[in-house]
Amino acid sequence: MRSEGVDCARIEADLILLLDGGLDRLREQPVNAHFQTCSACADFFRRLRGRLVEGFSELPDSGPEDCPKASPLEPSPVFTRLAARMRRAELAELGKLLYEILKAEFLYDYGDGVEAASDPIDDPAGERRRAAAMVNELREWVDDDRIDGVDLRAIGRHFSQPVVDCGRLDELIGGMSAVARLNPMESDNAAYYRALAHIKARRPREAELELLPLCQSDHGRLGRYATITLATLPALLLDRPLESIPRLEACLIGDDLDALVHFNLAKAHFLAADELCTASTYHHLSAARSAAPELVESQIGRASERGLRLAALAYVAATKLSSGD
């Protein structure tokens with residue numbers, strides 16, 4: 001019995017890998033051999049697989065020889081740690097799915113010009129359709145309309161009929177907070193999207209509180225986005241573009257995100273000059289266009305950037321006239 005207990009404990013870590021096909025073949029063989037001699041492990045694995053693969057459905061009490069009577073999910077203390085790990089894994093998966101859904105919702109409403117916290121989304125409308133389907137799947141999976149206080153039905157209705165207001169932004173902020181609780185691995189990304197939602201709701205102080213922790217630690221690319229966004233806040237929401245200019249200049253470090261910094265610098269100079277395109281405005285706009293032409297064209301083509309676009313065209317025309325071209 002002692003040797004059997006040791007074997008059970010030894011394969012505990014392999015069961016999750018075996019479920020998703022990630023177990024090395026050399027390790028898979030002894031695990032399957034163990035199932036032939038240990039009915040407790042074999043029954044537990046089938047029950048676990050039934051919960052995950054078959055939507056948590058109950059396996060039959062009896063069946064053919066290769067499917068013995070299902071035992072309780074935790075038949076002995078040997079499996080206590082594994083069962084706890086699976087419960088945590090289920091919550092983490094819920095958090096990850098909820099994050100993808102809420103991210104798609106936000107990017108659909110504010111997608112033009114907004115960089116995603118993780119993988120950039122090129123087609124927000126397509127992501128919205130995918131997320132709408134995910135909402136329904138998630139409701140079926142948990143057999144409920146709410147996850148940690150997040151109303152999945154309300155999210156589904158929003159996807160079918162967009163309504164953008166501060167109330168919706170507050171719901172998204174609450175949803176991202178739930179994501180951070182369900183899946184701590186997504187907590188930084190969730191904080192970044194909470195900051196963006198506060199910016200859209202014109203709450204600079206709340207946005208700053210979310211962004212500062214991301215800037216102060218080593219958060220890689222996400223940290224760069226947060227630093228650039230924080231540097232832009234005075235010009236964007238506080239009518240203090242002159243304060244943003246030196247902070248944005250400090251963000252120029254020679255990587256591919258410098259294009260975004262240059263565009264924000266162009267906008268800050270434009271606002272500082274009472275919405276006139278100066279030489280500094282045009283310099284940064286040209287630098288951004290040289291580094292990332294598609295980014296600049298998509299940004300400056302937005303309705304909200306009409307003033308900058310027309311001012312830049314007027315600047316080019318005036319420059320050509322003065323040079324005699």
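The values are calculated or read from the model by the stated rules, or taken from the named source; none is laboratory data. Just so you know, these numbers come straight off a predicted model, no measurement behind them. So basically every Cβ, Gly included, is an ideal-geometry build from the backbone, and we count neighbours across all protein chains shown.
Observations
- Breaking point among (1) within 19 Å of His269 (Cα to Cα); (2) surrounded by 12 or more Cβ atoms within 10 Å (Cβ to Cβ), for Ala292: (1)
- Failed criterion for Glu249 (all others in (1) over 30 Å from Cys166 (Cα atoms); (2) at pLDDT below 95; (3) not assigned by TED's automatic domain parsing to the domain that holds Tyr110 hold): (2)
- Taken over the stretch 165-185, the residue count meeting the criterion of being at pLDDT below 85 and in contact with a Lys or Arg (Cβ under 9 Å, 6 or more places away or on another chain) is 1.
- Among the residues making up the stretch 301-319, those that are assigned to a helix (DSSP H, G or I) and of a type outside the set (A, V, I, L, M) are Ser304, Glu305, Arg306, Gly307, Arg309, Tyr315, Thr319.
- Test for Asp218: is it in a helix (DSSP H, G or I) and either at negative phi or at pLDDT 90 or above (or both): no
- Considering Ala190, Ala195, the condition of being in contact with a Leu (Cβ under 6 Å, 6 or more places away or on another chain), at pLDDT below 95 and surrounded by 20 or more Cβ atoms within 10 Å (Cβ to Cβ) is satisfied by Ala195 alone.
- Residue in the stretch 206-213 that is under 20 Å from Phe106 (Cα atoms), touching a Gly at 6+ places or on another chain (Cβ under 9 Å) and part of a helix (DSSP H, G or I) present: no
- Among the residues of the stretch 276-311, those that are over 17 Å from Asp258 (Cβ atoms) and over 34 Å from the mean Cα position of the chain (by Cα) comprise Leu276, Cys277, Thr278, Ala279, Leu310, Ala311.
- No other residue among Ser286, Ser298, Ser322 is in contact (Cβ under 8 Å) with a residue 40 or more places away in the chain and in a helix (DSSP H, G or I) apart from Ser298.
- Residue, nearest to Ala231 (Cα to Cα), within the stretch 255-289, restricted to residues that are among the β-branched types (Val, Ile, Thr) and crowded, with 19+ Cβ neighbours inside 10 Å: Val261
- Leading residue by the ranking (surrounded by the fewest Cβ atoms within 10 Å (Cβ to Cβ)) among those in the stretch 216-245 that are acidic (Asp, Glu) and either within 20 Å of Leu271 (Cα to Cα) or touching a residue at least 40 places away in the same chain (Cβ under 8 Å) (or both): Asp239
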